[in-house]
Amino acid sequence: MNVAAAQTPNALTLENFWHPIATSAEVSDKPKQFRLLGDTVVAFRDEKGVAAFKDLCIHRGAALSNGKVKDGNIVCPYHGWAYDRSGACVHIPSLPAGQPIPAKARAIPYQAREEYGLVWVAMKDPVQPFPQWPDNAWSNPDYHVFLINVYRWKSSAGRAVENAMDFSHFNIVHAGYTELADGPVVKPYEVERTKEGLAFAYEDGRIRREYTLDFPFVIHDHKKVIATDKGRTWSETDDTRQGDSTILTFIAAPVDEKTTHMYAFMARNHSLDMEDQSFVANFDLVTAQDQLIVESQRPEQIPTDIKEELHLRFPDAPAIIYRRLLRDMGSSEAYLP
Ligand code: FES
Ligand SMILES: [Fe+2]
């Protein structure tokens with residue numbers, strides 16, 4: 001993103017946040033290359049868990065991902081330099097015994113952790129708490145959570161996230177699927193700036209939607225059924241009841257400025273006897289409707305100058321604040337611990 005360009009050496013960038021690089025299943029004991037923020041990352045797992053580095057050997061620039069893991073170290077495929085988890089080079093085969101390894105011989109380690117069936121990387125010290133589910137749904141026994149799909153979009157993560165928090169397109173793009181029961185008019189509503197990002201709620205007479213953004217790219221759409229007599233949306237079943245709660249979560253991984261991997265999850269406290277798979281086809285269809293729009297948006301990056309593009313006060317209130325957060329990321333101290 002243009003906002004990633006640091007103004008000062010200490011300015012925050014998108015590197016200061018956790019992003020997923022892959023599903024857990026994609027990371028094994030063999031080093032493999034992934035992409036994040038326009039750069040290459042190598043990741044593997046061993047008994048100590050997942051590890052990730054910039055996919056570059058400082059010696060001659062070979063990709064470490066073509067190498068192997070030996071005794072917990074990642075070994076470059078070219079001249080066999082071995083790096084431990086801290087990035088320190090611990091072995092150079094061509095050096096005579098007793099000769100010290102240069103202190104500058106280091107790989108660049110990233111913080112890595114495995115959560116929610118995904119492998120996450122922070123390229124620099126993360127400044128936000130790790131993203132959590134509303135209602136603690138991930139570990140709450142009242143809920144069942146599953147990964148619906150991973151969508152690969154030719155768009156920026158910002159555009160994808162802004163789409164996921166924008167319900168004023170429902171009655172246009174998703175007509176017949178996930179419409180606002182009293183739309184397309186959008187009533188006034190409040191947007192709150194939170195420690196994690198922002199939060200807002202909207203009721204259409206039938207469903208209350210609580211949106212929470214974990215800045216920059218994790219968005220939860222928590223839908224609670226408040227009445228069952230008007231309309232219906234695709235994510236509920238015919239016997240939808242008051243109190244049914246569905247959380248749609250979009251985690252947008254910024255692969256590069258024009259590529260986003262969207263990890264989409266559903267958590268539900270209802271229809272627990274239904275197969276997860278029965279929700280997927282409709283979700284794929286609705287997501288494809290969004291993809292067509294979002295991939296067409298120009299410029300690909302969200303313009304963070306509020307004067308660019310045209311905003312309506314109520315439907316676009318979250319987007320206005322979101323753009324300010326993106327714009328101010330480098331200069332503001334809002335995210336410092
Ligand atoms: S390029 Fe990696 S060891 Fe030489
Ligand atoms: Fe949509």
* **Pair list, Cβ under 8 Å, 6 or more apart: region 282-297 residue at negative phi, other residue of a type in the set (Val, Ile, Thr) and within 10 Å of ligand 2 (Cβ to nearest atom)** => 286/178; 289/173; 290/173; 293/173
* Asked: Which residue, of 171, 163, 140, is surrounded by fewer than 17 Cβ atoms within 10 Å (Cβ to Cβ) and either within 30 Å of residue 289 (Cα to Cα) or not charged (D, E, K, R) (or both)?
  -> 140
* Structure fact -> Filtering region 11-60 for residues that are in a loop (DSSP other than H, G, I, E, B), farther than 27 Å from residue 196 by Cα and open to solvent by 40 Å² or more (accessible area, probe 1.4 Å) leaves a count of 9
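With respect to residue 212, determine if the residue is among the hydroxyl-bearing types (Ser, Thr, Tyr) and open to solvent by less than 10 Å² (accessible area, probe 1.4 Å). Steps first, answer last, please.
Working: among the hydroxyl-bearing types (Ser, Thr, Tyr): yes; open to solvent by less than 10 Å² (accessible area, probe 1.4 Å): no.
Considered against the rule, which asks whether it is among the hydroxyl-bearing types (Ser, Thr, Tyr) and open to solvent by less than 10 Å² (accessible area, probe 1.4 Å), residue 212 comes out as no.
Which of the residues that make up region 274-287 are open to solvent by 50 Å² or more (accessible area, probe 1.4 Å) and of a type in the set (A, V, I, L, M)? Step through it out loud before you land on a result.
Step one: of region 274-287, the residues open to solvent by 50 Å² or more (accessible area, probe 1.4 Å) are 274-275, 277-278, 281-282, 284-285.
Correct list: 274, 281, 285.
It is to be established whether one or more residues within region 37-56 are of a type in the set (Phe, Trp, Tyr) and within 24 Å of residue 102 (Cβ to Cβ). Write out each step before concluding.
Keep residues of region 37-56 that are of a type in the set (Phe, Trp, Tyr), which gives 44, 53.
With within 24 Å of residue 102 (Cβ to Cβ) added as a condition, the list becomes 53.
Checked region 37-56: at least one residue is of a type in the set (Phe, Trp, Tyr) and within 24 Å of residue 102 (Cβ to Cβ).
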* **Whichever residue in region 104-125 is in a loop (DSSP other than H, G, I, E, B) and over 19 Å from residue 249 (Cβ atoms) and, among such residues, is most open to solvent (accessible area, probe 1.4 Å)** => 104
* In region 143-160, the residues that are open to solvent by less than 40 Å² (accessible area, probe 1.4 Å) and of a type outside the set (S, T, N, Q) -> 143, 145, 146, 148, 150, 151, 153, 157, 158, 159, 160
* **Candidate set: region 76-135, residues that are acidic (Asp, Glu) and within 30 Å of residue 214 (Cα to Cα); chosen: the one nearest to ligand 2 (Cβ to nearest atom)** => 135
* So residue 143, is it within 15 Å of ligand 2 (Cβ to nearest atom), more than 24 Å from residue 313 (Cβ to Cβ) and more than 16 Å from the chain's Cα centre (by Cα) -> no
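The values are calculated or read from the model by the stated rules, or taken from the named source; none is laboratory data. If you're wondering where the values come from, they're calculated on a predicted model, not measured in any experiment. Positions of Cβ are generated from backbone atoms using ideal geometry, with glycine treated the same way; all protein chains shown enter the neighbour counts. SASA here: full protein model, heavy atoms, side chains in, ligands and nucleic acids out. Shrake-Rupley method; radii C 1.70, N 1.55, O 1.52, S 1.80 Å.
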